[in-house]
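Below you'll find the structure, written out as structure tokens, and then a few comments.
The numbers here are math on the coordinates, done by the rules we state, and not lab data. As the structure is a prediction and not an experimental result, all values here were calculated from the model. Note that we place each Cβ from the backbone using ideal geometry, even for glycine, and neighbour counts take in every protein chain shown.
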């Protein structure tokens with residue numbers, strides 16, 4: 001009997017799951033919340049600043065793995081053969097010459113600019129705009145495989161920003177690393193910048209890496225973004241690796257800390273939504289939605305199907321970013337569950353209470369909202385836009401507004417699917433994973449009704465961690481390829497939502513209003529902010 005450990009680093013917590021490789025049976029799991037993040041440290045929501053301390057990641061790793069092992073049958077630890085990570089992204093940090101995140105040095109321990117810049121940090125809007133401007137003037141558009149629009153949520157904009165605003169960190173800022181790559185480096189002891197094994201997923205979708213132009217953009221392009229980026233390219237990487245690749249074995253130090261053996265293989269990491277799609281048994285023509293605080297949408301397509309297609313306005317198309325040998329396609333919404341959480345706090349009513357009241361109401365006829373409370377990720381990234389609610393009267397109730405916001409997140413989802421369909425990407429089925437897909441029938445039925453498509457819900461609540469476990473099994477040599485691991489370890493589906501034809505017809509009419517409001521919001525209200 002062999003076991004693997006999948007670790008999923010989400011926005012709020014780290015989840016560890018121990019899985020039997022032969023059957024996919026979950027042996028044990030544990031969830032640990034980041035203590036500093038939970039206290040709200042290092043974040044300034046009014047300025048869209050969201051930073052996480054590396055100590056949160058290290059502590060939650062050790063605690064979650066140990067707890068999961070403590071819940072497992074005796075002898076489980078000795079039979080663990082592989083471990084793999086997924087993380088949010090793009091969530092980079094500046095590192096010194098030894099590969100240590102600057103915030104782990106005493107002099108920077110309380111400096112947010114020395115910490116990991118969380119995916120939803122939008123402090124680098126001006127820097128992203130500069131990248132887009134330069135890319136369109138360049139002989140090579142380095143954003144071509146990232147939807148043609150670079151986002152403030154991505155690594156080069158973020159690194160440029162923190163270097164610009166904080167002179168104190170520049171002297172020791174030798175290179176940078178994505179969260180998913182730092183975790184594998186940490187556990188294998190390969191932390192020197194030149195030793196770190198870089199994820200194809202992270203580099204291709206967020207760092208402008210592509211084999212067509214020899215890896216990362218050239219030095220002259222990066223220094224045009226910001227002269228402070230001088231020298232960074234030579235201290236980064238040329239090669240990237242798919243997640244079926246071994247990084248190395250668990251170091252003796254970390255084997256002791258976790259209670260495992262140094263025979264455990266550590267696989268190349270990736271972003272949570274990409275591993276989540278694998279955990280949900282993605283295949284070509286399947287559209288997987290990872291539905292949480294935001295959404296991340298993933299598809300895979302064969303090179304033959306893609307040919308020379310470049311899909312505008314998505315978050316990237318990268319060879320091998322999801323399943324080796326296939327092109328991974330990423331999109332998503334910058335706010336989904338976060339929209340509901342914001343409104344819940346705003347009106348001081350719980351989400352279950354608002355849901356119970358809202359689902360009794362008819363489809364909104366007067367209220368219409370956009371879902372851009374955290375900017376827009378896709379289609380066509382724009383972090384300057386804001387959320388809007390129109391049609392309010394003195395008779396509007398919190399439940400009515402909540403329903404309009406739920407409908408808005410569904411309309412935003414339809415806009416993403418339409419972009420794929422318009423560009424010749426066939427979608428035969430939709431799969432939902434994540435907490436909302438399992439816990440909110442109201443949201444899922446609304447989504448199915450708006451899309452006019454059935455939605456399957458993955459059975460496992462930890463699809464991202466399961467995807468990590470599947471890749472760990474491949475990296476450890478239990479399976480030759482991830483498709484084999486999916487077949488053996490997949491958990492199937494818990495439920496399926498079917499669209500109501502009448503509701504779909506009503507929503508299509510309202511969707512036209514959503515598009516009108518969105519256009520007005522973007523072009524008239526927030527185009528120059």
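Among 44, 4, 247, a tally of other beta-carbon atoms within 10 Å of each Cβ gives an order, fewest to most, of 44, 247, 4. Computed from the C-beta positions of residue 70 and residue 488 and an R0 of 30 Å, the FRET efficiency is 0.70 to the nearest 0.05.
I need the peptides 121-133, 488-500, 234-246, 8-20 ranked by packing, meaning the mean over residues of other C-beta atoms within 10 angstrom, with the highest value on top.
Details: 121-133: 20.5, 488-500: 16.8, 234-246: 18.8, 8-20: 23.9.
Answer by packing, highest mean first, reads 8-20, 121-133, 234-246, 488-500.
Length available on full extension from residue 262 to residue 38: 0.36 nm per residue minus the Cα-Cα distance, which gives 77.4 nm.
Rounded, prolate or oblate: pick one for region 121-208, where a ≥ b ≥ c are the square roots of the eigenvalues of its C-alpha gyration tensor, a/c under 1.5 means rounded, and failing that, prolate if a/b is larger than b/c, else oblate.
Numbers: a/c = 2.28, a/b = 1.38, b/c = 1.65.
Judged from the Cα gyration tensor, region 121-208 comes out oblate (a/c at least 1.5, b/c at or above a/b).
Stretching residue 138 away from residue 390 to a fully extended chain increases their span by 86.7 nm, per 0.36 nm per residue minus the current alpha-carbon distance.
Report summary: the helix-based calculation at 222 nm, which adds -39500 (n - 2.57) for every DSSP H run with n ≥ 4 and divides by the residues of the chain, gives -10500 deg cm²/dmol.
Residues 299, 470, arranged from fewest to most other Cβ atoms within 10 angstrom of their Cβ, appear as 299, 470. Distance between the 7 Å Cα→Cβ label points at residue 220 and residue 504: 5.3 nm.
Show me 277-289, 65-77 ranked by packing, highest mean number of other Cβ atoms within 10 Å first.
Values: 277-289: 25.0, 65-77: 16.2.
In descending order of packing, they fall as 277-289, 65-77.
Is the shape of region 322-412 best called rounded, prolate or oblate, per the rule: a/c under 1.5 gives rounded, else a/b larger than b/c gives prolate, else oblate, with a ≥ b ≥ c the square roots of the Cα gyration tensor eigenvalues? Before the final figure, lay out the partial values.
Details: a/c = 2.33, a/b = 1.93, b/c = 1.20.
In terms of gyration-tensor shape, prolate.
Directionally averaged projected area (region 190-344, Cα convex hull): 12.6 nm².
For the peptides 167-175, 382-390, the ranking by mean Cβ contacts within 10 Å, running from highest to lowest, is 382-390, 167-175. From the square roots a ≥ b ≥ c of the eigenvalues of the alpha-carbon gyration tensor of region 30-129, which class results: rounded (a/c under 1.5), prolate (a/b over b/c), or oblate? In terms of gyration-tensor shape, prolate. Working from label points 7 Å from Cα in the Cα-to-Cβ sense, the residue 426 to residue 516 distance is 3.6 nm. With only Cα atoms counted, the chain has Rg and Dmax values of 22.1, 66 Å.
Kindly give Rg over Rh for region 1-89, based on alpha-carbon atoms, with the Kirkwood expression for the hydrodynamic radius. The partial results should precede the final answer.
Numbers: Rg = 15.0 Å, Rh = 14.0 Å.
Rg/Rh: 1.08.
In whole Å, what is the distance between the alpha-carbon centres of region 465-507 and region 192-271? If you average the Cα positions of each part, the centres end up 26 Å apart.
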